[in-house]
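The values are calculated or read from the model by the stated rules, or taken from the named source; none is laboratory data. Fair warning: this is a prediction, and the values are worked out from it, not measured in the lab. Cβ: placed from backbone, ideal geometry, glycine included. Neighbour counts: every protein chain shown.
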Amino acid sequence: MSVPPLARVTVSAAAGPYPVIIGADVIEALGGELDALKLGARRLLVSSHRVWDFHGPRFRKIGADRTPILVEDGERYKNLNTVVRLFDALVKAKADRSTVIVAVGGGVIGDLVGFSAATYLRGLPVVHVPTTLLAQVDSAIGGKTGVNHPLGKNLIGAFHAPSLVVADSSVLQTLPRREFRAGLYEVIKYGVIREPDLLDRIRDTVNAIFDRDGNAVSPLVTASCRIKAEVVSADERESGLRRILNFGHTVGHALEAVTTYKQFRHGEAIGYGMLAALHLGVARGVTPKPLLEEVESLITHLGPLPPVADISAKEVYAAIGRDKKIVSGTLHFIAASDRGKTVELTDVTEKELKTAVRKVGLRA
Ligand code: NAD
Ligand code: GLY
């Protein structure tokens with residue numbers, strides 16, 4: 001089977017442009033890329049126990065000077081306690097300003113390590129090697145880093161652009177099916193907000209995608225990285241365009257927070273959040289009903305989402321009130337106005353939100 005060749009995307013950031021390298025076995029090129037970018041007299045690897053057990057040996061050749069720092073991953077560990085553990089390890093490792101931190105893992109490791117790198121010694125360079133589909137298509141690019149607060153998702157964080165991102169499709173072979181599916185919801189998001197072909201592609205090649213066939217998965221990853229790169233290059237700090245990436249995230253983040261980050265994979269919460277946003281849009285008359293039906297059918301086709309009947313719409317509404325997408329008291333809600341197009345709503349009411357989440361199965 002021939003796998004599509006390596007792709008390179010460049011992201012513009014205030015701190016300077018950085019490359020995203022995508023392809024099968026590109027981890028092999030990581031050491032050379034770090035050399036070429038003259039990154040880090042010292043290289044310190046940070047990962048999770050689980051990811052390292054699977055993929056650690058592949059990083060022997062990157063010239064890291066000691067054993068990796070390993071922490072737990074998973075949403076419940078994305079908090080300040082883990083950041084403190086990382087700081088302790090960085091002090092112990094005598095990380096200094098000549099050190100580059102290489103984060104190897106899913107979105108949780110990327111956000112935790114990115115935040116630690118942003119703040120330790122007022123900022124060390126970070127390189128992301130995302131190992132989940134979700135992290136490859138979304139979280140490793142764009143420089144958002146941070147941790148959750150018990151009352152709200154990603155409430156503590158910093159913008160800290162990476163110096164390099166290396167997305168190796170071969171690591172996805174070991175990803176559990178549920179985690180892989182969670183990443184696909186974020187690809188659906190790009191289809192709804194920007195590139196409808198992605199919706200067709202997922203629908204038409206779903207079996208090959210779940211088989212992790214490089215010919216089916218790589219185009220999804222490359223297109224998603226390209227879209228994310230375009231959007232964050234135009235609006236790194238989310239003062240306008242970048243808000244479209246929050247499609248599905250208002251309700252999704254609230255679902256994660258009210259279930260204390262235990263019931264959903266992040267992508268699954270976004271799956272529900274997108275459906276709620278589509279219902280809200282249809283009820284408002286801004287979203288065409290066939291688009292809701294198309295996305296509903298695609299999401300159902302991918303497999304089951306966790307049940308939500310035990311979650312109260314009232315609690316989710318309260319959590320939305322603590323969302324960081326509220327600016328000066330105004331919630332910026334992204335709705336879909338057509339396949340590949342969005343509209344920002346700034347006057348969404350409590351009634352509309354509660355109705356929308358009940359439509360996706362929440363209780364009153
Ligand atoms: P995750 O990091 O918790 O990883 C999911 C699970 O997969 C973990 O148990 C991990 O050990 C395991 N895993 C990772 N790679 C593996 C591999 N190759 N093989 C086998 N197992 C592997 O979850 P995620 O879905 O990658 O990331 C979700 C997080 O990303 C959320 O906290 C979300 O807020 C964040 N996020 C951030 C941004 C951003 O712009 N910074 C964007 C989207 C999402
Ligand atoms: N995942 C939303 C963003 O990166 O802006």
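Key figures for this structure:
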read-out	value
Enumeration of residues in region 101-132 that are away from ligand 1 (no atom under 12 Å from the Cβ) and surrounded by fewer than 24 Cβ atoms within 10 Å (Cβ to Cβ)	THR119, TYR120, LEU121, ARG122, GLY123, LEU124, PRO125
Selected residue [away from ligand 1 (no atom under 15 Å from the Cβ) and either in contact with a strand residue (DSSP E or B) (Cβ under 6 Å, 6 or more places away or on another chain) or closer than 22 Å to GLY273 by Cβ (or both)] from VAL232, VAL206	VAL206
Residues being over 17 Å from PRO219 (Cβ atoms) and out of contact with any strand residue (DSSP E or B) (no Cβ under 8 Å at 6 or more places or on another chain) - total across region 174-202	9
Filter result (within 20 Å of ILE227 (Cβ to Cβ) and in a helix (DSSP H, G or I)) within region 8-53	VAL26
Those residues of region 263-305 which are more than 17 Å from the chain's Cα centre (by Cα), within 15 Å of ILE202 (Cβ to Cβ) and within 16 Å of ligand 1 (Cβ to nearest atom), in sequence order	LEU302, GLY303
Search result, residues across region 22-43 that are under 23 Å from the mean Cα position of the chain (by Cα) and surrounded by 20 or more Cβ atoms within 10 Å (Cβ to Cβ)	ILE22, GLY23, VAL26, ILE27, LEU30
Count of residues meeting criterion [farther than 20 Å from GLY191 by Cβ and not in a loop (DSSP other than H, G, I, E, B)] in region 283-328	13
Checking ALA135 against (1) under 30 Å from ALA216 (Cα atoms); (2) surrounded by fewer than 24 Cβ atoms within 10 Å (Cβ to Cβ); (3) within 15 Å of ligand 2 (Cβ to nearest atom), the condition it does not meet	(2)
Lone unmet requirement of (1) within 11 Å of ligand 1 (Cβ to nearest atom); (2) crowded, with 20+ Cβ neighbours inside 10 Å; (3) not in a helix (DSSP H, G or I) for VAL165	(1)
Unique residue being farther than 30 Å from GLU315 by Cα, within 10 Å of ligand 1 (Cβ to nearest atom), at pLDDT 95 or above and surrounded by fewer than 24 Cβ atoms within 10 Å (Cβ to Cβ) when the list is GLY157, GLY146, GLY142	GLY142
Test for THR342: is it of a type in the set (Ser, Thr, Tyr), in a loop (DSSP other than H, G, I, E, B) and either over 20 Å from GLU256 (Cα atoms) or in contact with a helix residue (DSSP H, G or I) (Cβ under 9 Å, 6 or more places away or on another chain) (or both)	no
Unmet requirement for ALA309, which otherwise passes all of (1) among the aliphatic types (A, V, I, L, M); (2) within 22 Å of PRO150 (Cβ to Cβ); (3) in contact (Cβ under 8 Å) with a residue 24 or more places away in the chain; (4) surrounded by fewer than 16 Cβ atoms within 10 Å (Cβ to Cβ)	(2)
Selection from region 87-100 of residues that are in contact with a Phe, Trp or Tyr (Cβ under 8 Å, 6 or more places away or on another chain) and in contact (Cβ under 8 Å) with a residue 40 or more places away in the chain	LEU90, ALA95
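Conditions (1) touching a His at 6+ places or on another chain (Cβ under 6 Å); (2) part of a strand (DSSP E or B); (3) modelled with pLDDT of 95 or more; (4) polar (S, T, N, Q), marked per residue:
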{"site": "ASN81", "(1), (2), (3), (4)": "no, no, yes, yes"}
{"site": "LEU86", "(1), (2), (3), (4)": "no, no, yes, no"}
{"site": "VAL104", "(1), (2), (3), (4)": "no, yes, yes, no"}
{"site": "GLY110", "(1), (2), (3), (4)": "yes, no, yes, no"}
{"site": "VAL113", "(1), (2), (3), (4)": "no, no, yes, no"}
{"site": "SER116", "(1), (2), (3), (4)": "no, no, yes, yes"}
{"site": "THR119", "(1), (2), (3), (4)": "no, no, yes, yes"}
{"site": "LEU124", "(1), (2), (3), (4)": "no, no, yes, no"}
